[in-house]
Every structure is written in structure tokens, then in C-alpha cells.
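Undergrad: I have a structure here, written as C-alpha cells, and I will follow up with some questions on it.
Every number here is computed from the coordinates shown, using simple stated rules; none is lab data. These numbers come from a predicted model, not from an experiment. Please note: Cβ atoms are built from the backbone with ideal geometry, for glycine as well, and neighbour counts cover all protein chains shown.
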Amino acid sequence: AKVDGRGRFVFFEPALHEAAQARRALEFDLRAALALGQFEVFYQPKLHLLKNRLSGFEALIRWRHPVRGLVPPDLFIPLAEEVGLIARIGEWVLRAACEEAARWPGGLGVAVNVAPSQFYTGTLVPTVTAALAASGLPGHRLELEITETALLRDGAEVLRQLTALKALGVRIALDDFGTGYSSLTQLRSFPFDRVKIDRSFADDAVVVRAVAALGTSLGMGVTAEGVETADQLRRLREDGCTEAQGYHLSRPVPASDVPGIIGRYVNA
Ligand code: C2E
Ligand code: CA
Ligand code: CA
Ligand code: CA
């Protein structure tokens, strides 16, 4: 503690100061990460529960930091959004994921997460168009996962971009459904092809049944996230989900492990 100008004690917050410094250090490294080739994309399989076969993979970014090790996306994606790096990182993920998916057998799709602020940099539609063209991936094999946060700032602008993306054949999923304020109105007002039920509801049969019934009646696919046990998988299937994703099926894996997972399910 120090004494301020008026003779009062003020408590200098070392914890706060250290946090700000750590954040600046992380931001500094993040600015260089793309050029240094420190990002990777991992892929987690998604199982179609009615056809009982793989529907595709979700692309999940990984940052392999030379000192910190693997930095989880929850730690650096929000920072990338705040400091204006998300457009370039998002473009890198889209290109990498489309190029990888173009090598997979024809029926398999790839789902790519889009951060809310990517709708407000004016680059999303041109970036997706370019990633599809460069990879040769047909638009219908790409799904973009967005969260309701994206819809809050300027819903009309987001709707305009989603409509342009759908014209390319691209599918749209509403991610993490149930965690925020997503309303039933939003589900109907935007052209979603899929709703992904957040993993915090994996054991909540009442919520799962309601969302599954609603999504299905609106013609959407219904994905259960965070499926960790065979028992959960059985119940989620009974409760009307049409797709499942989670550690029980597989953790996210590097691209080189994807053929092995595809083989395992084809031969199962
Ligand atoms: P998300 O989009 O909801 O992705 C699902 C997260 O749940 C992933 O964490 C995945 O590894 C994890 N997960 C999958 N199955 C299970 C399970 O059975 N149990 C548990 N406990 N977790 C499971 P991850 O890869 O750490 O990603 C965290 C979040 O970071 C993602 O949540 C997404 O919001 C964001 N993110 C990841 N990659 C990207 C990206 O390329 N771009 C953007 N904008 N965001 C990304
Ligand atoms: Ca997601
Ligand atoms: Ca999710
Ligand atoms: Ca999430």
C-alpha cells in the first residue's frame, strides 16, 4: 500500500497489474504466431445418429506456443477478437480446414467456428468464397458455426451475410445453444441448418427433448455436444438428437489422424 496525494492509503493491485502485463505478453506473441506457423487445426468427428455414420468433423484451432505449450482457444480467441487479429486468424483456419476437407471422402463435411466480430470486419463472405475456390471444396460441405453473440450487435447485417453464404451452398449452425439469451425467435429469424446443444445440457433430458423437437420441426439438424459416455449417447439419441460429438466418439485429433477415424467408422 502507498499513500496518495490526500494522505489516504491506496492499495496498489499487483495481481491486476500482473494480469495486464501477462495479457500484453500474450498479445505480443499472438501477433507473431501466424507468421511463425504456430497454429494448427485439430478435427473432432461428428456422428450422424440416424444414418449411424460419420457426418464430418469440427475444425478446432490449436496454438502451439514454443514456451507456453498448447494454448487453449478459450484463452486466445477472445483476445484475438479484442485486438483485431481475428479476421486474419479466422481466414487462416477457413483456408486450412477447407483444404484439408477437400481430401476427405465426398460425403464428409467440415464445420468451422466463426467468431462474432468476424461479421463486422467486412471480410467474412469474400474469405469464405476464396477458401472454397482455392480448395475446390463444394460449398455444401462447409458448415459455419456461429454463436448468438454474433447476432446481437446488428442482426440485419448478420442476416445479410448469412444469406450470401447460403447462396454459396454453405450451411449455418447455431453453436452453444442454451448458454446465453438465444430465443426461439432467433432460431426462426435466421437461416440455420443446425442447432448445437451446449454440452452443459448433455444430461438435461427436458432441455434436450425440447430443443430437439423444436429444431427438428424447423427442419434443422440437432447436434448434442460433449458426449462423454455410451449412456449419454444412447439417451441423446432417444431424446431426438440427430448428431453427436464428444470425447466418447473421439477427442479432437490432428489432421494426420483423420483417415484413421474415418477408417474406424467405415469398418465398424
Ligand atoms: P466450441 O465451438 O463449443 O467447441 C467445442 C469444445 O468442446 C472444444 O474445445 C472441444 O475440444 C470440446 N469438447 C469436445 N467434446 C468434448 C467432451 O466430450 N467433453 C468436454 N469437456 N469437452 C469437449 P476447444 O477446442 O478447447 O475450443 C474451445 C472453444 O474455442 C470452442 O468452443 C470455440 O468457441 C473456440 N474455438 C475453437 N477453435 C476456433 C476457431 O478456429 N475459431 C473460432 N472463432 N473459435 C474457435
Ligand atoms: Ca463450435
Ligand atoms: Ca459448442
Ligand atoms: Ca463454446
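Undergrad: For q values of 0.27, 0.29 Å⁻¹, compute log₁₀ I(q)/I(0) with the Debye formula on a Cα-only model of segment 133-192, without solvent.
TA: Log-scaled intensity ratios, in q order: -1.18, -1.29.
Undergrad: For segment 159-268, which chymotrypsin sites (Phe, Trp or Tyr not before Pro) are in a loop by DSSP, counting at most 14 other Cβ atoms within 10 Å?
TA: Counting only loop positions with at most 14 other Cβ atoms within 10 Å, the chymotrypsin sites (Phe, Trp or Tyr not before Pro) in segment 159-268 are Tyr181, Tyr247.
Undergrad: Something else about it: According to the square roots a ≥ b ≥ c of the eigenvalues of the Cα gyration tensor, what is the shape class of segment 115-264, taking rounded for a/c under 1.5, prolate for a/b larger than b/c otherwise, and oblate for the remainder?
TA: oblate
Undergrad: While we're on this one: Can you count the Lys pairs in the chain whose Cα atoms are under 30 Å apart, with each pair 8 or more apart or on different chains?
TA: Taking the Cα cut-off of 30 Å, the pair count is 5.
Undergrad: To the nearest 500 deg cm²/dmol, what mean residue ellipticity at 222 nm is calculated for the chain from DSSP H runs of n ≥ 4 alone, each contributing -39,500 (n - 2.57), summed and divided by the residues?
TA: -13000 deg cm²/dmol
Undergrad: Please identify the DSSP H helices in the chain that span no less than 20 Å along the helix axis (Cα) and have a mean Kyte-Doolittle hydropathy of 0.0 or more.
TA: Span-like helices, by this rule, are 86-101.
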